[in-house]
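Take a look at the structure below.
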Amino acid sequence: MLALLEKITALNDLVLKGKALEAFEAYYHNDVIMQENENAPTIGKEANRIREKEFYSSIVEFRSAELLKLTVGENITMTQWHYDYTHKDWGRRNYTQVSVQEWENEKIIREQFFYGN
């Protein structure tokens, strides 16, 4: 589990440095499935890359991201974040999110985000 802790810590450090897309390229599996709450999942790295780029390009003001909690299990990590930003379509967003990452071959194969609207 130490190796997984090192990987999720490195990924989170990139996010905190404003390099989320770099983290995505380095730590996500080609067959990754990403899902927001109970919405339909986005399947595959290319489809998720497009989704991630669209999201980050729509942020008009970024105020903060803070990692609140981190846990590591066997082939699973969970993080709790607090975000504060303004999105061009959604307006101001200030919320806490839990992300659950399932790992396969040292890459995230599935990630689901849980947050209130």
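Among Tyr85, Tyr27, what's the order by accessible area (1.4 angstrom probe), most exposed first?
Heavy-atom accessible area, descending, gives Tyr27, Tyr85.
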At R0 = 30 Å, FRET efficiency that the Cβ-Cβ distance of Thr71 and Glu46 yields, to 0.05: 0.50
Solvent-accessible area per residue for the range 1-81 (1.4 angstrom probe, square angstrom): 60
Dmax and Rg, reported as Rg then Dmax, of the chain (C-alpha, Å): 13.6, 40
Aspartates and glutamates whose Cα lies under 16 Å from that of Lys53, excluding same-chain neighbours fewer than 8 positions away: Glu22, Glu25, Glu36, Glu61, Asp89
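Nearest 500 deg cm²/dmol is fine: what mean residue ellipticity at 222 nm does the chain get from its DSSP H runs of n ≥ 4 alone, each adding -39,500 (n - 2.57), divided by its residue count? Walk me through the numbers before you get to the answer.
On the way: 3 runs with 36 residues, N = 117.
When only DSSP H runs of four or more count, the value is -9500 deg cm²/dmol.
When the accessible area of the chain is split by element with a 1.4 Å probe, what percent falls to carbon and sulfur?
Looking at the chain in its full context, I get 50 percent from C and S.
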Under the Karplus curve 6.51 cos²θ - 1.76 cosθ + 1.60, θ = phi - 60°, whole-Hz ³J(HN,Hα) for the range 15-26, x wherever Gly or Pro sits: 4, 5, 8, x, 10, 5, 5, 5, 4, 4, 5, 7
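Considering only DSSP beta bridges with both partners in the chain, what is the antiparallel share in %, to the nearest 5?
Of the beta bridges lying entirely in the chain, close to 85 percent run antiparallel.
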Total charge dipole magnitude, the chain, about the Cα centre, Cβ charges on Lys, Arg, Asp, Glu only, Debye to nearest 20: 340
Largest-first ordering by accessible area, 1.4 Å probe, given options Val60, Val15: Val60, Val15
20 Å Cα-Cα threshold exceeded, pairs from Lys45/Lys88; Lys17/Lys45; Lys7/Lys88; Lys19/Lys107; Lys19/Lys45; Lys45/Lys107: Lys45/Lys88; Lys17/Lys45; Lys7/Lys88
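The values are calculated or read from the model by the stated rules, or taken from the named source; none is laboratory data. Since we're looking at a predicted model, the values are computed, not measured. A quick note on method: Cβ atoms are made from the backbone with ideal geometry, for glycine too, and the neighbour counts reach across all protein chains shown. Side chains are part of the model used for accessible areas, which takes the heavy atoms of the whole protein and leaves out ligands, DNA and RNA. Shrake-Rupley method; radii C 1.70, N 1.55, O 1.52, S 1.80 Å.
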